[in-house]
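Engineer: Structure incoming, see below.
The values are calculated or read from the model by the stated rules, or taken from the named source; none is laboratory data. Note that this is a predicted model, so its numbers are computed, not measured. Cβ placement follows ideal geometry from the backbone for every residue including glycine, while neighbour counts extend to all protein chains displayed.
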Amino acid sequence: MSVETYRIDAGWMSLPATLSMSSNARGVVVISHGGASTCQSPGNRCVADALTSEGLATVLPNLLLPTETADQEVCFDVDLLADRLKFVVEWVMDLPLTRGLPIGLFGASTAAASALRVAADMPDTIRAVVARRGRPELVGAARLARIRCPTLLMVTDGDRDVMGANEVARSLLKNCEARLVVLPRTGYLMVPGGSQEQMAELTRLWFGRHLPTASPRATGASGVN
């Protein structure tokens, strides 16, 4: 397993990113991240470790500059996050190490909305998406209806506002395989067996199932589980 750091050109700025992959990686997942914490947060690392155990490469970019992370308006700017995430996806497509590998996107909270938007805008490129505790209402109904890759939505039991938004989003994902999973509220997320570990395991299984073989074309939506 190799771990390399890069600077990704994104217009007038460059974004730091970490690529972890084995020599025989069969897909790559970009972990979309925004907000005040680093892309190397425990939650992101938990997801990345689960994915690398599945034989998938991971890219963890910081989509915000250090000077932007304290600005709540910027942190919740889905358009800005999605535009920068597109630069990362294009970089993955061009990098010799990852060129030709199927690409998936993972995002949590507002960054989940950016992943869903990019999946809608790049339907022939993105092969699978996982959105945890996302804000799909920030994507818009029209874009959600354009998503064609398998999409997993995850929410935590008892989080009513997020639950409702994700239920609506699930009903709008008419042109792809879509699933909504409710994780039990088990206290602090990093407790062994807690929702963070369950989320990482479901993420591993979703990408492990879909990245090697999934077509971005519509396959019909599944029911809510």
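Engineer: Scan (1) out of contact with any Phe, Trp or Tyr (no Cβ under 9 Å at 6 or more places or on another chain); (2) surrounded by 18 or more Cβ atoms within 10 Å (Cβ to Cβ); (3) at pLDDT 90 or above; (4) under 24 Å from residue 27 (Cβ atoms) for the single condition residue 129 breaks and write down its number.
Structural biologist: If we test residue 129 against (1) out of contact with any Phe, Trp or Tyr (no Cβ under 9 Å at 6 or more places or on another chain); (2) surrounded by 18 or more Cβ atoms within 10 Å (Cβ to Cβ); (3) at pLDDT 90 or above; (4) under 24 Å from residue 27 (Cβ atoms), just (1) comes out false.
Engineer: Just one of (1) charged (D, E, K, R); (2) without any contact (Cβ under 8 Å) to a residue 60 or more places away in the chain; (3) more than 20 Å from residue 100 (Cβ to Cβ); (4) surrounded by 16 or more Cβ atoms within 10 Å (Cβ to Cβ) trips up residue 86, so point out which.
Structural biologist: The failed condition is (3).
Engineer: So in the stretch 11-31, with the set limited to residues that are free of Cβ contacts under 8 Å to residues at least 60 places away in the same chain and in contact with a Gly (Cβ under 9 Å, 6 or more places away or on another chain), which one is surrounded by the fewest Cβ atoms within 10 Å (Cβ to Cβ)?
Structural biologist: Restricting attention to the stretch 11-31, the residues satisfying the condition of being free of Cβ contacts under 8 Å to residues at least 60 places away in the same chain are 12-14, 16, 18, 20, 22-24.
Narrowing the set further to residues that are in contact with a Gly (Cβ under 9 Å, 6 or more places away or on another chain) leaves 22, 24.
Details: 22: 12, 24: 6.
Filtering the stretch 11-31 for residues that are free of Cβ contacts under 8 Å to residues at least 60 places away in the same chain and in contact with a Gly (Cβ under 9 Å, 6 or more places away or on another chain), the one surrounded by the fewest Cβ atoms within 10 Å (Cβ to Cβ) comes out as 24.
Engineer: Of the residues 84, 99, only one is touching a Ser or Thr at 6+ places or on another chain (Cβ under 9 Å) and of a type in the set (Lys, Arg); which?
Structural biologist: 84
Engineer: On to the next question. Having 2 or more residues that are touching a helix residue (DSSP H, G or I) at 6+ places or on another chain (Cβ under 6 Å) is the bar; report the helices (runs of 4 or more DSSP H) wholly within the stretch 65-152 that clear it.
Structural biologist: Counting at least 2 such residues, we get 78-94, 110-121, 141-146.
Engineer: Separate question: What are the pairs, 6+ residues apart or on separate chains, where a residue within the stretch 166-195 that is farther than 17 Å from residue 119 by Cβ and at pLDDT below 95 has its Cβ under 8 Å from a residue that is exposed (fewer than 14 other Cβ atoms within 10 Å of the Cβ) and small (Gly, Ala, Ser)?
Structural biologist: 185/158; 186/193; 194/187
Engineer: With (1) out of contact with any helix residue (DSSP H, G or I) (no Cβ under 8 Å at 6 or more places or on another chain); (2) at pLDDT below 90 as the list, and residue 46 as the residue in question, which single condition is left unmet?
Structural biologist: It is condition (1) that residue 46 fails.
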